[in-house]
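The values are calculated or read from the model by the stated rules, or taken from the named source; none is laboratory data. Everything quoted here is computed from the prediction, not taken from an experiment. Positions of Cβ are backbone-derived with ideal geometry, glycine not excepted, and every protein chain shown enters the neighbour counts.
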Amino acid sequence: MALDLVSTPTRDPDSPRHPLVQTYQWELEKLSAQFRTRAAVVVALLGPLLFGVGLSVSSNVPADTLFGRWVGDSGYAIPLVVLGFAGSWGFPLLTCLVAGDIFSAEDHYGTWTSILTRSISRRGVFTGKVLAAATYAVVVLVLLTLSSLATGVLLVGHQSLIGLSGNVVSPGPAAGLVLASWAVALPGVLVSASLGVVLSVLSRNSLAGIVGPTVAGLVFQLLLLVPGLGPVRAVLPNASFIAWHGLWADPTFTGPVLTATLADLVYVAVFLGVAWWSFHRRDIAAS
Amino acid sequence: MTASPALSAERLSKRYGSRTAVDAVSLQLTRGAIHGLLGPNGAGKTTMLRMLLGLVRPDAGTVQVDGAVLGQDVPRGRRGVAGFVDAPSFYPYLTASRNLELLSAWDGAASHARVEELLDLVGLAGRAQSKVRGFSTGMRQRLGLAAALISDPAVIIVDEPTSGLDPAGVRDVHALLLAMAASGRTVLLSSHDLDEVERLCTDVTVLRHGSVVYSGGIQALRAQTGRRMWRLQTSDNDQALLLDHPHVVIEPGAGGALQVAASQSDFDDLLLALAARRVVVRELSREELSFETLYFQLTGDSLPSAAEEPAWP
């Protein structure tokens, strides 16, 4: 061990960034260095492709799912079928692989004592982690969107699609509506990520943070099927995963999209608020 | 004029449920000194360190650095306080270098060159690109020291910094801590190694059951106790051991001698009592009370006597 005392540290001239920006970038680097994150990205990329290949070699179509009967007739049906599946359990599982682990991983590795004694505030650490989890969730959504759209167009083609009112949607508008449908699901994806974050903070256990939202997603899916819930259905956390249906009707109706989006914003605010309250007050009493 | 302390804690308290972990503990760290924090397990040392590092929210009390009161939400690193408590932990899937760069980013004030410099300082330059999951306990300790030094803190808090190190590593860490103090930095060292504390520290704070039982210089502690240690060889040690004096501790010592801890006047009484029983003192020598003895007196534990030391079969 050399014994010359250290010199005064200086800011790296190549990275004059705000600590919060650096925290955010480091969270992304930590995520990209983990096998689980890479595996989830691969699933988001290849999952729709494998699904499409499976449909093309099968004589059956998923006729009991929305747009499932059209998967052999229009390439735009496949991304909508994938969206239907993703809404029930895929989004919660894929997003919470990161969001449900991003805080509890520090408990697992015992690294809170290293992080929270630095110069950045708890608010900065919290914000950086939440932004990284949200970024990952958006990336997964975009990859699933592009992958499923590309799979449909490459394997089936660029045909018109029959809408939910029996209306024919020509290829160009159909492509736009597919992208819009996936975009409508974004607030729901962020709700799943926020639920993962709050469970990760409260439980300090990655399994709870990952499995909890996935189970909750399935429960909410079942609630959507319960008759008599009326307006409550429109504000369930997964309402945005079905709100896009109105975009494919003629005439289109966007009220459910607006309602679900507003409800999801409230859910995100509540989940993140609870997570922040707990994280902010937490005593790091044991590694 | 007395220089203001580098770090001052006033009546810090922390309860966990019904248990009081730290009870109104005050601490002042003299600038440029190494201050020892001692106490048996469960005395409240770790909770104290965590409160000073901002990891645990005190129920009462304040922490000041350079005269400025720190709220719980003020990152300690930003105020020049850094260190580690328990064994330092890192991301096992990142290299030593990347781990330090990450922590540097959170300090917002370091460069890659600085990380290399620190790794060299703690003797890990050759393992900079190795993932931490393969590091031994001693290597993690070294990396922990490097991490604590990233922002060049004015006050560095270290918990058992030589745990897991080989003798050469211990020597190097001791030299590093002494060099830091010599350069004006302040060190708070928590350790169970009493020899280490006696060798490095000028001042100590001893905790017991969450309260301070002594805070001050080691030499002042020796003077304050007023007790001395004698080594006696008598004609009848068994009878000497039967003597019952409220302020004298007589225990069997090494080599068949007796070890006596007492004030001068109490020791005089003891000699008279021995003479009255016709017990002859054949050898007598006075010894300096060891720091270990002082520590055990403060914490209420007794030194294991030679007779109680376990023998190998």
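Quick notes
- Figure legend. Inter-residue proximity from segment A:201-221: first residues in a loop (DSSP other than H, G, I, E, B), second residues at pLDDT 90 or above and surrounded by fewer than 17 Cβ atoms within 10 Å (Cβ to Cβ), beta-carbon distance below 9 Å, spacing 6+ or different chains. Indicated pairs: A:204/A:108; A:205/A:108.
- When restricted to residues that are more than 23 Å from residue B:293 (Cα to Cα) and among the small types (Gly, Ala, Ser), segment B:160-218 contains 9.
- Residues that are without any contact (Cβ under 8 Å) to a residue 60 or more places away in the chain and at positive phi, drawn from segment B:43-82: B:54, B:61
- Breaking point among (1) buried (at least 24 other Cβ atoms within 10 Å of the Cβ); (2) touching a residue at least 40 places away in the same chain (Cβ under 8 Å), for residue A:81: (2)
- If you go through segment A:51-65 and keep only what is of a type outside the set (S, T, N, Q), touching a helix residue (DSSP H, G or I) at 6+ places or on another chain (Cβ under 9 Å) and more than 11 Å from residue A:82 (Cβ to Cβ), you end up with A:53, A:61, A:63.
- Matching option when the condition is part of a loop (DSSP other than H, G, I, E, B) and touching an Asp or Glu at 6+ places or on another chain (Cβ under 9 Å), among B:37, B:55: B:55
- Every residue from segment B:1-34 that is surrounded by fewer than 16 Cβ atoms within 10 Å (Cβ to Cβ) and part of a strand (DSSP E or B): B:10, B:11, B:15, B:16, B:19, B:24, B:26
- Within the set B:56, B:81, the sole residue that is under 24 Å from residue B:172 (Cα atoms) and buried (at least 24 other Cβ atoms within 10 Å of the Cβ) turns out to be B:81.
- Which listed residue is more than 14 Å from chain A (Cβ to nearest Cβ) and surrounded by fewer than 24 Cβ atoms within 10 Å (Cβ to Cβ), from B:68, B:87: B:68
- Condition check for residue A:147: closer than 29 Å to residue A:48 by Cβ, of a type in the set (Ser, Thr, Tyr) and buried (at least 19 other Cβ atoms within 10 Å of the Cβ): yes
- From the list A:243, A:216, A:263, A:275, the one residue that fits, being away from every other protein chain (no Cβ under 14 Å), within 16 Å of the chain's Cα centre (by Cα) and crowded, with 18+ Cβ neighbours inside 10 Å, is A:216.
- Hey, residue B:199 more than 12 Å from the chain's Cα centre (by Cα) and of a type in the set (D, E, K, R) or not: no
- Test: residue A:32 is without any contact (Cβ under 8 Å) to a residue 12 or more places away in the chain and either more than 14 Å from chain B (Cβ to nearest Cβ) or among the basic types (Lys, Arg) (or both): no
- Residues that are aromatic (Phe, Trp, Tyr) and facing chain B (nearest Cβ under 9 Å), drawn from segment A:99-134: A:109, A:112
- Residue selected from segment B:281-299 under the condition over 17 Å from the mean Cα position of the chain (by Cα) and exposed (fewer than 14 other Cβ atoms within 10 Å of the Cβ), by the criterion farthest from residue B:220 (Cα to Cα): B:282
- Meets criteria (part of a helix (DSSP H, G or I) and either under 30 Å from residue A:34 (Cα atoms) or of a type in the set (D, E, K, R) (or both)) for residue A:197: yes
- The sole residue among B:41, B:99 that is crowded, with 22+ Cβ neighbours inside 10 Å, more than 7 Å from every other protein chain (Cβ to nearest Cβ) and of a type in the set (S, T, N, Q) is B:99.
- Residue among B:171, B:185, B:227 that is within 14 Å of another protein chain (Cβ to nearest Cβ), charged (D, E, K, R) and surrounded by 16 or more Cβ atoms within 10 Å (Cβ to Cβ): B:185
- Residue in segment A:181-196 that is touching a Gly at 6+ places or on another chain (Cβ under 6 Å) and small (Gly, Ala, Ser) present: yes
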